[in-house]
Each structure stands twice: as C-alpha cells, then as structure tokens.
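One structure below.
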Amino acid sequence: KRPHASPVAAPVDFERQLQEAQRVAALDCDGIVPVYEGGLTDDGTPYFAMKYIAGATLEDKLHGDLPTPAEAVKLLARLADVLAIVHEKGVVHRDLKPTNIIIDEDGRPYIADFGLALSPQRHDRASLAGTPAYMAPEQFQSQEATLDARCDIWALGVILHELLTGQRPFAGSSISELRTQILEKPVAIEVNGSPPEGSVPTAVNLPAGLFEVCQKCLQKSPENRFQSARELAEALKRNCPQPR
C-alpha cells in the first residue's frame, strides 16, 4: 500500500523529529505507524513518509455513534499496551489525540504522527508543543518541568473520557480558558449525586470502575496518575464491562 506523506510544521526541529520517528519506527510493535523516510520537497518543505493504513481516524469515528463501554476499554487497553512498548524504549509521544489514532478495517488501532515524540527531557515554555485539549498540566507550565510517559497517560484519559461520554473533560472556549481548566479544575465524573463545587462535571450512567480509571489518568500531579502505560492497560482490563 502506498505510503502516507505527512508535512512537518517547521524545519527547525526536523532532524530531531525524524530521528525520533525513525527510532519509534524501528520498534518491534505492530500498533504504530512506521516512518519509512523523511526529507525535503523541492520547495524546501520537510515531510515524513509513513505506512498507509486503510481505515479512518478515531476522530472520524467519534463523529458517528459512540462505542460501547466494552469497545472503548478494549481500544484504550490496546493503545496502552502499544505505548508501554514505546515508553519502555524511552520515547514519549506527547501529542496523542483522536486524529493521531488510526482504526484499520479490522478495528485495530494504530498510533501515528510521532513528529513531536521525544526522549524524556526537561523543557522550557519555548519548547512547548502539542494539542491543548489533550495536553497534561505539566505541558502548560511556564517553569521547567519534566515531560515523561505520564503526559501520554493523561492524553489517554482525555480520550477515554471522550469515548465514554461523547465529550472532552475540558472544553474551554479559548486556549487560555482551556489552560486554566486543565491546570486548576478537577474532573468530577459523577454517576449519581452532585459534583463538587468548582469542578468540571460529567454525569452519565456507566460503570463506576471505568470512571475511577479515567479520573486517575486525569490527576493534575503526574505522581497521582498511573505510573506506566502497562499499569493503565491492566486497570482497564480489570474494569472492562462485559458486552451485552
């Protein structure tokens, strides 16, 4: 199948992005979209050429009917298993979102677009990158912070929330408002009862265990989240509802 060419936003980080993408592509894991090559077009635009996966993005799927809770958990557990392999090789994606997840024709998910991937490192505000709605609190911090695998665990929590409820946990009308919610407001996913004052509530009738998993992913402090993607995958599998 033909490769998919993905443009890179700015050439300044192109060499680093290519090195990281090729590093991930070399992993023995069938849940990532491998990068075949990178280069420059005739007009100097950098690009990556990746394997073509026939299917649709998770974002496309979200425009239709929501998956059942069992289907959502199966999908997220698979993504967490894939990320566990990537993380154990020292690479963090840091821009996980539904448009970067491809569901093939057999329903298998693949993680794409490792252009922002990096080895765990310290950063300052000038190096921040990602998609605000899926960024962890530490990715917004102006002071130096350590970005590690727990950024991706936060993003998986946002995606899980979206799959289960049909909405993101944080939905500010501007980046500034979104940043404030992500940094300051807890997510209160209430099956019954009233959510705590000052929280961002979501009320739906789903298994409480799944909400606990989701809320643990969305803890403001990385130390309070799942500490590895493998731990998250195991928690999802333990709380997977039985299909009806």
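List of remarks:
- Restricting region 188-217 to residues that are open to solvent by less than 20 Å² (accessible area, probe 1.4 Å) and under 20 Å from THR131 (Cα atoms), the residue that is modelled with the highest pLDDT: CYS217
- Test for LEU66: is it open to solvent by 40 Å² or more (accessible area, probe 1.4 Å), modelled with pLDDT under 85 and among the hydrophobic types (A, V, I, L, M, F, W, C): yes
- If you go through region 39-58 and pick out every residue that is charged (D, E, K, R) and exposed (fewer than 14 other Cβ atoms within 10 Å of the Cβ), you end up with 2.
- Looking across region 35-87, the residues that are out of contact with any strand residue (DSSP E or B) (no Cβ under 8 Å at 6 or more places or on another chain) and among the small types (Gly, Ala, Ser) come down to GLY44, GLY64, ALA70, ALA72, ALA77, ALA80, ALA84.
- Filtered residue count, region 157-178, keeping only those that are more than 15 Å from the chain's Cα centre (by Cα) and at pLDDT 90 or above: 0
- Test set (1) under 30 Å from GLY39 (Cβ atoms); (2) open to solvent by less than 10 Å² (accessible area, probe 1.4 Å); (3) modelled with pLDDT of 90 or more - GLU105 fails condition number: (2)
- Taken over region 26-38, the criterion of being in a loop (DSSP other than H, G, I, E, B) and either open to solvent by 30 Å² or more (accessible area, probe 1.4 Å) or at pLDDT 75 or above (or both) is satisfied by ALA26, ASP28, CYS29, ASP30, GLY31, VAL33, PRO34.
- Output for region 119-138, where each listed residue is farther than 21 Å from GLU88 by Cα, modelled with pLDDT of 80 or more and surrounded by fewer than 24 Cβ atoms within 10 Å (Cβ to Cβ): THR131, PRO132, ALA133, PRO137
The values are calculated or read from the model by the stated rules, or taken from the named source; none is laboratory data. Here the structure is a predicted model, which is why all the values come from computation and not from measurement. No Cβ is skipped: glycine too gets one built from the backbone with ideal geometry, and neighbour counts run over all protein chains shown. Surface accessibility is based on the protein's heavy atoms, side chains included, excluding ligands, DNA and RNA. Shrake-Rupley method; radii C 1.70, N 1.55, O 1.52, S 1.80 Å.
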